[in-house]
Amino acid sequence: MEGAGERKRGVRLCCVCKKARASVKRPKTLDHICRECFYHAFESEIHQVIIRNSLFRPGERVAIGASGGKDSTVLAYVLSKLNRLHNYGLHLFLLSVDEGITGYRDDSLETVHRNQVQYGLPLKVVSYKDLYGWTMDQIVDVIGFKNNCTFCGVFRRQALDRGASLLKVDKLVTGHNADDIAETVLLNLLRGDVARLSRCTSITTGEDGPIPRCKPFNPNLDSFITYAYFKRLDYFSTECIYSPNAYRGFAREFIKDLERIRPRAILDIIKSGENFRISTTTKMPEQGTCERCGYISSQKWCKACVLLDGLNRGLPKLGIGRSRGSVGSENGNESKVEKSIQGKQCGTLDF
Ligand code: SF4
């Protein structure tokens, strides 16, 4: 034996099957394993998350949030494989959102259309233009590059729910990985969003909302990019053209810097989020429905209606900032910090 793998005539062998050449070093165990054993371990861990958490029931209709990016493509591929292999009995669909971003989403949607054929899954695309009457290109024209991601993140969340309800699905699954979850913990902490902080590491959320959302990934899971690369999956890897100021991007860079100094940083941030408990005296927002569109909301109007109203009235900055306790933020009392934080968030990964 040498290190975590045996060597045979100078070639390191897989420490699981001890036959094939090792080609992956698992970050969690530092074991050197071959591609086939890596695929098996990766897929088995997702299967275990699904079984342990009883995520699905036979016969359920499940939409996979598909952006054409690496994570959602891996999710679509692995979930359809596991569904066949383990007879989950699920009816799977791909669900995509077209934000109307020329040169970005139109290209990534082409990837999703190819995935539809490759995986044999029905695809539904919902667009901002159809749902709200505005594309992100038009919104950026009036709002500029500073707060565009606030509109996009709020609109996407609702668009996914609306698409899922058109598909009449029981659940919506999303392809978050450990990096995404660690970023979300940090962002919710920075925003002081206690309600989201308390639930962002949960595998299933929104059980009291229109459609529950699941993220069937284990934080300890190996690299998605390695899986996607070895499997030669067809995914789109270009960044959104409006992303340079996205607040999530700063959080991502910060976490990557931490990880360079302390490799466990991502797992430890997630662990902190998992163990976060809200004091029973903390006042939590009460869920109701938006008076305007009927969507779930803790305010008189949901955030999407507030933003849309501002856009339609030619006052696009009306809904920017914290809107708790009021319809819109017309009083302009938010602090500069809050405005800045609210204004820079990429929701691409908030599927
Ligand atoms: Fe939307 Fe993300 Fe692009 Fe911002 S960076 S405009 S949230 S896709």
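List of remarks:
- Orientation-averaged projection of the range 22-162 equals 10.7 nm² [convex hull of Cα atoms, one quarter of hull surface area].
- For the chain, the spread of Cα positions along the three principal axes, ordered from largest to smallest, is 73, 43, 41 Å.
- Net charge in the neighbourhood of residue 127 (other residues with Cβ under 10 Å of its Cβ; Lys, Arg +1, Asp, Glu -1) is -1.
- Residue among 94, 318, 272 farthest towards the positive dipole end of the chain, charges placed on Cβ: 272
- The spread of Cα positions in the range 253-292, taken along each principal axis and listed from longest to shortest, comes to 48, 29, 11 Å.
- Taking every C-alpha pair closer than 8 Å and separated by at least 6 residues, the mean separation divided by the residue count of the chain gives a relative contact order of 18 percent.
- Shown is the FRET efficiency for residue 17 and residue 250, computed with R0 = 45 Å from the Cβ-Cβ distance and rounded to the nearest 0.05: 0.60.
- Evaluated at q = 0.21, 0.23 Å⁻¹, a Debye calculation over the C-alpha positions of the range 168-290 (equal weights, vacuum) places log10 I(q)/I(0) at -1.43, -1.49.
- Residue-span extension gain [residue 165 to residue 113] - 0.36 nm each, minus C-alpha spacing: 16.7 nm
- Net dipole in debye of the chain [+1 Lys, Arg Cβ; -1 Asp, Glu Cβ; about Cα centre; nearest 20]: 940 debye
- The Cα atoms of the range 200-243 cover 37, 30, 16 Å along the three principal axes, with the biggest extent listed first.
- Per-residue [θ]222 nm for the chain (sum of -39500 (n - 2.57) over DSSP H runs n ≥ 4, rounded to 500): -13000 deg cm²/dmol
- Helices in the chain that qualify as membrane-span-like (whole DSSP H runs, Cα extent of at least 24 Å along the helix axis, mean Kyte-Doolittle hydropathy of -0.5 or higher) are 35-52, 148-166.
Read the figures in this text as sums done on the coordinates, not as results from a lab. Please read all numbers here as calculations on a predicted model, not as lab measurements. When we count neighbours, we look across all protein chains shown, and the Cβ atoms used for this are built from the backbone with ideal geometry, even at glycine.
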